[in-house]
Amino acid sequence: MQRPIRAFWVITPGHGEIVASACLPARPSALGEATGGNAVVRTLYSAVSRGTESLVFNGRVPVSQYAAMRAPFQGGDFPGPVKYGYLTVGQVEVGPDQLVGRNVFCLHPHQTRFTVPAEALVLVPDTVPPERAVLAGIVETALNALWDAPPRIGDRIAVVGAGLVGSCVAALLARFPGLRVELVDVDPARADIATALGVGFADPARAADDCDLVFHASATQTGLVRSLELLASDGSVVDLSWYGDQLIALPLGEFFHSRRLALRSSQVGAIAPQRRGRYTLTDRLGLALGLLNDPLFDVLITGESAFDELPQVMAEIASGRLQGLCHRIRYEDSD
């Protein structure tokens, strides 16, 4: 008896399917693949990274970024067919003794089971439920941004864009003493998220200015321009957005120079320079998983669907019809 591995693939831009590929033996213990330091993982949950996966689904990854945007265990190539994703939590069925039966996080696409090198897995702490652990990759992105531009006590900070990444940044900033933190978004419903996280909220037109630091995560030109406008002299914008093939215009001939403003990118693919001597990528991911011990992060999970529904769910997310923050995918009965 054979059991197929099923994975979600973007077949062509705007169209995805669940595809059965190689087969696994009915008894995982019989897997010859889990030798030489590999492990077989049964997926419990994955999550959709709305911004990046929408660009991938819609075929909007620039040709110049095909190599840079490859996910660690991506299948196929852009624009498609391509198997993409990087927010997966599962249970190790076969592998090193210290991992068997443990929940792990892996930067793997949406797939029912997979075999990877054991070093690609990071243990989920026993105090962190697997349902919440899917946020690890996003919390890691927020953590790296705070390493890129560490807040100082007394800073006035805005987070522009109350999507999943921006909300994770705000959640971490809320733990710092003596900060003024405001989450800024055009959607008034995101005020409830800000309240739950313990930070302020404002519409962009009413956001408090004179900021020392702004984290931008709206992935829009309007949001980035507004982020620059909110800065005090000598302030900095840290841009976490990825725009795909969009061209972004900024008013760099106006107040940008007279206020001596700074604009820098933050991208999770590399560790912030000041921390590279101390943390590896695995260390940083493990730190992010530890931060998820706080049930406060559950407010960021706003939807859940079965794995078999993923083609339709991804189309609705990529088109903007399905709104929310983290959309979680569950794999029970998916074999």
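The table below lists the values:
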item	result
Largest to smallest accessible area among T195, T282 [probe 1.4 Å]	T195, T282
Relative compactness, segment 164-323, computed as alpha-carbon Rg over 2.2 N^0.38 Å	1.14
Overall Cα dimensions of segment 39-120 - principal axes, largest extent first, Å	42, 20, 17
The chain - accessible surface per residue (Å², probe 1.4 Å)	43
Per residue Cα convex hull volume in Å³ - calculated over segment 176-227	86
Accessible area in the full protein assembly, largest first, 1.4 Å probe, for S266, S258	S258, S266
For the chain, share of DSSP beta bridges that run antiparallel, in % to the nearest 5	55
Protein accessible area in the chain, 1.4 Å probe - carbon and sulfur %	51
Rg to Rh quotient for segment 101-214, alpha carbon positions, Kirkwood Rh	1.06
Hypothetical label at F176: residues of segment 185-228 whose amide nitrogen lies under 11 Å (7 Å Cα-Cβ projection)	212-215
Rg [Å, one decimal], Dmax [Å, integer] - segment 296-335, C-alpha atoms	10.9, 32
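The values are calculated or read from the model by the stated rules, or taken from the named source; none is laboratory data. Every value quoted in this text rests on a predicted model; they were computed, and no experiment measured them. We place every Cβ from the backbone using ideal geometry, glycine too, and count neighbours over all the protein chains shown. Heads up: the accessible areas ignore ligands, DNA and RNA and are worked out on the full protein's heavy atoms, side chains in. Shrake-Rupley method; radii C 1.70, N 1.55, O 1.52, S 1.80 Å.
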